[in-house]
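Chemist: The structure's right below; bear with me while I get my questions together.
The values are calculated or read from the model by the stated rules, or taken from the named source; none is laboratory data. Predicted, not measured: the structure shown is a model, and the values here were computed from it. Here the Cβ is made from the backbone with ideal geometry for all residues, glycine too, and neighbour counts use every protein chain on show.
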Amino acid sequence: MFRRPGFNLFALVLSLVLTTSVFAEDTAKAVTAVSPDVGVVTGLKVPRYVSLRSDTVYVRAGPGMRYPVKWIYERRLYPLQVIQEFDTWRKIKDIDGEEGWVHQSLLSGQRHVVVIGPQVITLYKKPDSQSRPVAQVEAGVVAKLNECADNWCQVSASGYDGWLLKSSLWGVYEHEESE
């Protein structure tokens, strides 16, 4: 074994162990210091809204292929809420409050909303109920979310663009504003 004058192998090993131990403690503190409303896998906000990337999406009872399929979504762009993350799986909640697990590759960050409320809602040209009506939108319609301001959100659906009250949409937070 090669030795330099004044070189102490035991001191070097002890130093490395102590340094590694301190680093591990700092890392553990950093991991536990992450906000509870941030996903442990992606670092993105949890809960957050997403949409389906595919026309057919299997929702499973747990985070993995070995878990049974609970139901199947057959509506591309349908909005869901991510409420938990595990590896490549996301626990989602839908408009009816149903929960299950979906693989991340089947979800998109592109935002969509579902029109809720009475049977028909008026889509306005501007974020003002006194502005010109653009179209009538039925409950259950999925629309692309463009932006939100105050109590209104601009959406696109079936070739029409306009503004709807946030309270008539599922897939947007009450205090959400566009950046």
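Chemist: Identify, by number, the condition in (1) farther than 29 Å from Asp37 by Cα; (2) touching a Leu at 6+ places or on another chain (Cβ under 8 Å) that Val120 doesn't meet.
Modeler: The number of the failed condition is (2).
Chemist: What are the residue pairs meeting all of these: first residue in segment 157-179, first residue among the hydroxyl-bearing types (Ser, Thr, Tyr), second residue in a helix (DSSP H, G or I), Cβ atoms under 9 Å, and 6 or more apart or on different chains?
Modeler: Tyr173/Lys166
Chemist: Having 3 or more residues that are farther than 25 Å from Tyr58 by Cβ and either out of contact with any Gly (no Cβ under 6 Å at 6 or more places or on another chain) or modelled with pLDDT under 95 (or both) is the bar; report the strands (runs of 3 or more DSSP E) wholly within segment 68-179 that clear it. Don't jump to the end; show me each part of the working.
Modeler: Numbers: elements: 69-73, 79-86, 89-93, 99-103, 112-115, 120-124, 133-138, 142-149, 152-157, 160-165.
It comes to 120-124, 133-138, 142-149, 152-157, 160-165.
Chemist: Which condition from (1) over 23 Å from His175 (Cβ atoms); (2) part of a strand (DSSP E or B); (3) within 22 Å of the chain's Cα centre (by Cα) is the one that Gly64 breaks?
Modeler: (2)
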